[in-house]
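To start, the structure under review is shown below, and the notes come after it.
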Amino acid sequence: MAHKSILRENSPYFQRMFSFPGKEVTENKVEIKHADPRIMYWVLEFMYTGAYAPPDGTTVSTEYCNHDRASYKYATASAGGILKKKCPCAGKTTSPNHLLAHIHVYSIADYFGMRTLMAFAQQKVVEVLHVHWQDDKLQLKNALEKAFSNTPEYNRGLRQVLIDVLKAHPGLWVDDGDVRSWLDAHLRVREEVDYA
């Protein structure tokens with residue numbers, strides 16, 4: 001359930017819908033087909049509060065960042081000044097399981113014309129990938145498929161985030177595996193990633 005005024009205020013899609021006499025206006029009911037109720041809950045939560053938060057996850061330590069490169073994890077105390085820096089995700093709650101959820105939210109926000117929510121979800125994707133890029137639970141192949149099939153080609157935001165992660169961490173795709181198979185099936189994306 002959501003107030004019509006909140007829907008109109010936050011989305012050009014709903015502004016147009018409620019501007020014309022139709023079933024949605026006369027029955028005061030909007031049916032969003034093919035949308036996961038959990039994702040729609042987060043979209044509505046964002047409309048009302050300006051944020052959303054998937055359940056679970058862990059709070060990123062406020063200690064030094066060891067997420068950019070695997071070598072940071074094994075840095076000695078004497079290398080502290082060279083390798084250690086504060087984590088940009090410190091204090092935020094993330095989980096590798098959040099990646100697909102944020103991509104779904106981004107896709108729905110794009111459909112509804114909600115640019116602020118798109119930016120918020122994209123930043124959440126950046127945070128998850130920064131912290132969990134090495135995690136086996138990340139489902140990166142599924143994330144690539146969802147991001148590249150559910151957003152228009154001209155919308156580079158989320159697509160570029162995923163390309164940048166693959167460029168920064170070639171170990172995610174250079175060997176045979178599901179991400180490599182996906183890239184081999186999407187040669188234009190592969191060319192952007194494998195620029196060397």
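Taking the Cβ of V25 as the center, what net charge do the other residues with Cβ under 14 Å away carry, scoring Lys and Arg +1 and Asp and Glu -1?
Residues close to V25 contribute a combined charge of +2.
Quick one: what are the phi-derived ³J(HN,Hα) couplings along segment 20-27, Karplus 6.51/-1.76/1.60 with θ = phi - 60°, whole Hz, x for glycine and proline?
Result, ordered by residue: 10, x, x, 4, 5, 6, 6, 9 Hz.
What aspartates and glutamates does K85 reach when the alpha-carbon gap must be under 13 Å and sequence neighbours fewer than 8 apart in one chain are set aside?
E63, D68
Run through segment 1-33 and list the GluC sites (Glu not before Pro) located in a DSSP loop whose Cβ has at most 10 other Cβ atoms within 10 Å.
E31
Ordered by residue, what ³J(HN,Hα) values in Hz, to whole numbers, does segment 176-181 give under the Karplus form 6.51 cos²θ - 1.76 cosθ + 1.60, where θ = phi - 60° and Gly and Pro are x?
4, x, 5, 5, 4, 4
Can you classify segment 111-151 as rounded, prolate or oblate using the Cα gyration tensor, where a ≥ b ≥ c are the square roots of its eigenvalues, rounded means a/c under 1.5, and otherwise it's prolate if a/b beats b/c and oblate if not?
Verdict is oblate for segment 111-151.
Net charge near Y52, counting Lys/Arg +1 and Asp/Glu -1 over other residues with Cβ under 15 Å of its Cβ?
Within the 15 Å Cβ shell, the charges total -1.
Mind checking which lysines have their Cα closer than 23 Å to the Cα of K29? Skip sequence neighbours fewer than 8 apart in that chain.
By straight Cα distance, K29 reaches K4.
Can you tally the net charge around V43? Count Lys and Arg as +1, Asp and Glu as -1, for every other residue whose Cβ sits under 12 Å from the Cβ of V43.
After counting each charged neighbour, the total is -2.
Compute the label zone of N142 within segment 97-133: residues whose backbone N is under 14 Å from the point 7 Å along Cα-to-Cβ.
The answer is 97-105, whose backbone nitrogens lie closer than 14 Å to the label point.
From the cross-link list K146/K167; K86/K141; K33/K146; K92/K137; K86/K124, which pairs have alpha carbons spaced over 22 Å apart?
The pairs that break the limit, which is 22 Å between Cα atoms, are K86/K141.
Considering only DSSP states other than H, G, I, E and B, which chymotrypsin sites (Phe, Trp or Tyr not before Pro) in segment 125-162 qualify as loop sites with at most 16 other Cβ atoms within 10 Å?
In loop regions of segment 125-162 (DSSP not H, G, I, E or B), the sparsely surrounded chymotrypsin sites (Phe, Trp or Tyr not before Pro) are Y154.
Under 8 Å for C-alpha pairs, at least 6 residues apart: give me the relative contact order for segment 133-196, rounded to a whole percent.
32 percent
Given a 10 angstrom Cα cut-off, can you work out which residue in S61, S95, S11 is the most mobile in a GNM of the chain?
With Cα springs under 10 Å in the chain, the top fluctuation among S61, S95, S11 is at S61.
Contact order normalised by length for the chain, with contacts defined as Cα pairs under 8 Å and 6 or more residues apart; what percent is it?
17 percent
For a quick check of your reading of the filter: which trypsin sites (Lys or Arg not before Pro) in segment 19-67 sit in a DSSP loop and have no more than 10 other Cβ atoms within 10 Å?
In loop regions of segment 19-67 (DSSP not H, G, I, E or B), the sparsely surrounded trypsin sites (Lys or Arg not before Pro) are K29, K33.
Coordinate-derived values only; no laboratory data. Bear in mind the structure is a predicted one, so any value in this text is a computation, not a measurement. All Cβ positions, glycine included, derive from the backbone under ideal geometry; neighbour counts span all protein chains shown.
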